[in-house]
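The values are calculated or read from the model by the stated rules, or taken from the named source; none is laboratory data. Small disclaimer: the values here were computed from a predicted structure and weren't measured. Backbone-built Cβ (ideal geometry, glycine too); neighbour counts: all protein chains shown. Ligands, DNA and RNA are stripped out before the accessible areas are found, and what is left, the full protein with its side chains, is counted by its heavy atoms. Shrake-Rupley method; radii C 1.70, N 1.55, O 1.52, S 1.80 Å.
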Amino acid sequence: KSVLENDFSEHLTLRFGAEAFNNQLTRNFEDQDSNIKSSFNDNLLSAFLEGDVYLSPRFVFRPGIRTEYSSLLNSGNLSPRMSLAYKTSDYAQVSAAYGQYYQSPNNDQLLISDRINFEKASHYILNYQVIKEGRIFRVESYYKSYNNLLKFDSQDPFNPTLFDNIGYGHAQGVDFFLRDSKTFKNVDYWISYSFLDTKRNFRDYPIEAIPTFASKHNFSVVYKHFVTDIRTQLGFTYSFTSGRPYDDPNREGFNQGTIPSYHNLSFNAAYLYKQNVIFYTSITNLTGRDNIFGYDYANAPNSQGQFDRLAIGQPAKRFYFLGVFITLSKDKNKNQLENL
């Protein structure tokens, strides 16, 4: 990987880069009746060119283009990207961005078929941010369209002739972030929230549906309080995630079930023994909530015609951690307290 950058003037900076990746994988599958060996070797070459064009002291335009070629897929792509940023004040800016992005199918899929192509996403992003005197506020909205997503047959998932790139989907949402280390003495806290609305028809999905990994609402609060008299930082974190969809074979439809929402309240404490030595402890899931992450269903129905299921939960109600963080640096005042 290499990147070259040059400032042609105070109004123009150009960057050129190139990357080369070699990905090789071999898999052997053996049982009593067969011995199946599959492998692939892919050389992925890419290059990009982008520039920073300062239209005024407050207005910056960044155009760019990226190209990729995969020897395994015997295919290439060309991706235009651009962004605009305008400083509305000394502390705030608004920006807009557009870009096309490509990615290769994952290794499991490439082992089955090389008669497939890159998957494509187009991003549209609008952002507003304020940074002033120990406070940060950021809001970002986006829309993403997905094309050429990989599809295969759930009844015959290892048949390479049934792989194609006819999948599609979209995602839209908004993210909020607020951090404040100024208002309250010795206190640093931040709040984040994201809303996501997405559907996809890809992989072995029979229809366009909400993916099982997508949750509509995500919320978290982090609070840190440094007690100077005892050189100790106390912290609490609360996380909430709304229920994700799952497919229930006992009901009609697809991905029609919803797992319970996720809640986690955690505590941590860091004692500054010396400037570069910190004793640290934390307890995850302080309340011992039994969060559920999904369900495993039986392969066949029971005598009542229902598929039995088993909840996928946490391996333990709580997780405890004790540690010592020692920072070795020329800067004797440097430590990891900000990251704990």
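Below is a table of values for the structure above.
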item: Those strands (runs of 3 or more DSSP E) lying entirely in segment 1-112 with at least 3 residues among the acidic types (Asp, Glu) and under 28 Å from the mean Cα position of the chain (by Cα); result: 35-56
item: Scan of segment 195-219 for residues that are open to solvent by less than 50 Å² (accessible area, probe 1.4 Å) and of a type in the set (Ser, Thr, Tyr), ordered by number; result: Thr198, Tyr205, Ser215
item: Matching residues in segment 115-127 - criterion: being surrounded by fewer than 17 Cβ atoms within 10 Å (Cβ to Cβ) and of a type outside the set (S, T, N, Q); result: Arg115, His123, Tyr124, Ile125, Leu126
item: Residue, surrounded by the most Cβ atoms within 10 Å (Cβ to Cβ), within segment 232-245, restricted to residues that are over 30 Å from Pro157 (Cβ atoms) and polar (S, T, N, Q); result: Gln233
item: Some residue of segment 48-67 being under 27 Å from Ala171 (Cα atoms), surrounded by 16 or more Cβ atoms within 10 Å (Cβ to Cβ), touching a Ser or Thr at 6+ places or on another chain (Cβ under 9 Å) and hydrophobic (A, V, I, L, M, F, W, C); result: yes
item: For Asn255: the one exception among (1) under 24 Å from Ser194 (Cα atoms); (2) part of a strand (DSSP E or B); (3) of a type in the set (S, T, N, Q); result: (2)
item: Set Asp229, Asp248, Asp188: member being surrounded by 17 or more Cβ atoms within 10 Å (Cβ to Cβ) and out of contact with any Asp or Glu (no Cβ under 9 Å at 6 or more places or on another chain); result: Asp248
item: Test: residue in segment 230-240 that is closer than 27 Å to Val324 by Cβ and assigned to a loop (DSSP other than H, G, I, E, B); result: yes
item: Tabulated pairs, segment 128-155, first more than 30 Å from Asn299 (Cα to Cα) and open to solvent by 50 Å² or more (accessible area, probe 1.4 Å), second part of a loop (DSSP other than H, G, I, E, B) and not polar (S, T, N, Q), C-beta under 7 angstrom, 6+ apart or interchain; result: Ile131/Tyr91; Lys132/Tyr91; Glu133/Lys182; Arg135/Lys182; Asn148/Phe118
item: Residue satisfying all of: in segment 156-177; touching a helix residue (DSSP H, G or I) at 6+ places or on another chain (Cβ under 7 Å) and surrounded by fewer than 16 Cβ atoms within 10 Å (Cβ to Cβ); nearest to Ser104 (Cα to Cα) among these; result: Pro160
